[in-house]
Amino acid sequence: MPPASSDELSALAPDDADAALADAEELLVVQVGERTYALPAAQVREVARAAPVTPLPGPASWIRGLAAVRGALLPVGDLRRRASHGVASEDALTGRDAWMAVVDDGRRGAALVGLRVRGVALAQRTADDAAVLATLDAAGLPVRGDARLMGDDRRAAGAGLVRLARGSRARGPASRAPAAGAASEPATQSALVARLDVTALLDDLYDDGG
């Protein structure tokens, strides 16, 4: 079943539109370098200014160290440094766009930097989502299939952006519009973006970090 577009959502009867939205997955849309990705919002605990990082000796170059986030020490992974194969990106921690997404797969957590938050959008779930295998994309980031965003309907992308910013999971750039680190408009209608595999990223962070 193809995803519903913004116009199609508007044309649906209220009950049908509510059902379409209820069957959708909320995604945090981020940009890493020139590429756009989606993180499952259910695995994003918080979006906030990058916290001070204590470097660790020896780990892979994309692992920036440890940061204290709400009383817990979390490894910090720089997605832009990993995608550029180790090229330094100091502004990922100190620049105007130095934001972090705190992610959790239910067992472990981490802070991801080197990304620019674009907003929150909805993508329609499909029956074969769970069967999609994780792979590395051309930038070397682990992805698990693609998500076709449902459009920029305010009940979808706009409302989702507010819910994620004001809810218990996330605070940060999305709570103000416009703001550094976040786009001033919802994600582009019907955009196809790769889903970042949070569990694979956490596996790499904890394995590479020793």
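The values are calculated or read from the model by the stated rules, or taken from the named source; none is laboratory data. Not measured: the values here are computed from a predicted model. Counting neighbours? That spans all protein chains shown, and the Cβs are built from the backbone with ideal geometry, glycine included.
Residues in region 101-126 that are polar (S, T, N, Q) and buried (at least 18 other Cβ atoms within 10 Å of the Cβ): GLN124 alone.
Just one of the numbered conditions (1) acidic (Asp, Glu); (2) farther than 24 Å from LEU136 by Cα; (3) touching a strand residue (DSSP E or B) at 6+ places or on another chain (Cβ under 9 Å) is not true of ASP78: (2). Reported count of residues in region 54-79, each being of a type in the set (Ser, Thr, Tyr) and in a loop (DSSP other than H, G, I, E, B), is 1. With respect to the stated conditions, ARG144 is farther than 29 Å from GLY71 by Cα, assigned to a strand (DSSP E or B), touching a strand residue (DSSP E or B) at 6+ places or on another chain (Cβ under 7 Å) and modelled with pLDDT of 75 or more. Scanning region 51-73 for residues that are at positive phi and modelled with pLDDT of 90 or more yields GLY65, ARG70, GLY71. Which one of VAL76, VAL32 is over 24 Å from LEU122 (Cβ atoms) and either modelled with pLDDT under 70 or of a type in the set (Val, Ile, Thr) (or both)? Going through VAL76, VAL32 in turn, the sole match is VAL76.
Tell me, which residue of region 31-46 that is in contact with a helix residue (DSSP H, G or I) (Cβ under 9 Å, 6 or more places away or on another chain) and not in a strand (DSSP E or B) is surrounded by the fewest Cβ atoms within 10 Å (Cβ to Cβ)? For region 31-46, the residue satisfying everything is GLY33. Listed by first and then second residue, the pairs linking a residue in region 47-66 that is within 29 Å of GLY119 (Cβ to Cβ) to a residue that is at pLDDT 90 or above and part of a loop (DSSP other than H, G, I, E, B), with Cβ atoms under 8 Å apart and 6 or more places separating them unless they lie on different chains, are ARG64/PRO55; GLY65/PRO55.
Can you name every residue in region 81-131 that is among the small types (Gly, Ala, Ser), on the phi < 0 side of the Ramachandran plot and either at pLDDT 75 or above or within 18 Å of the chain's Cα centre (by Cα) (or both)? It would help to see each step written out before you state the result.
So the first thing to find is which residues in region 81-131 are among the small types (Gly, Ala, Ser), and the list is 83-84, 86, 88-89, 92, 95, 98, 101, 106, 109-111, 114, 119, 121, 123, 127, 130-131.
Imposing the further condition that a residue be on the phi < 0 side of the Ramachandran plot reduces the set to 83-84, 88-89, 92, 95, 98, 101, 109-111, 121, 123, 127, 130-131.
Within region 81-131, ALA83, SER84, ALA92, GLY95, ALA98, ALA101, GLY109, ALA110, ALA111, ALA121, ALA123 meet the criteria.
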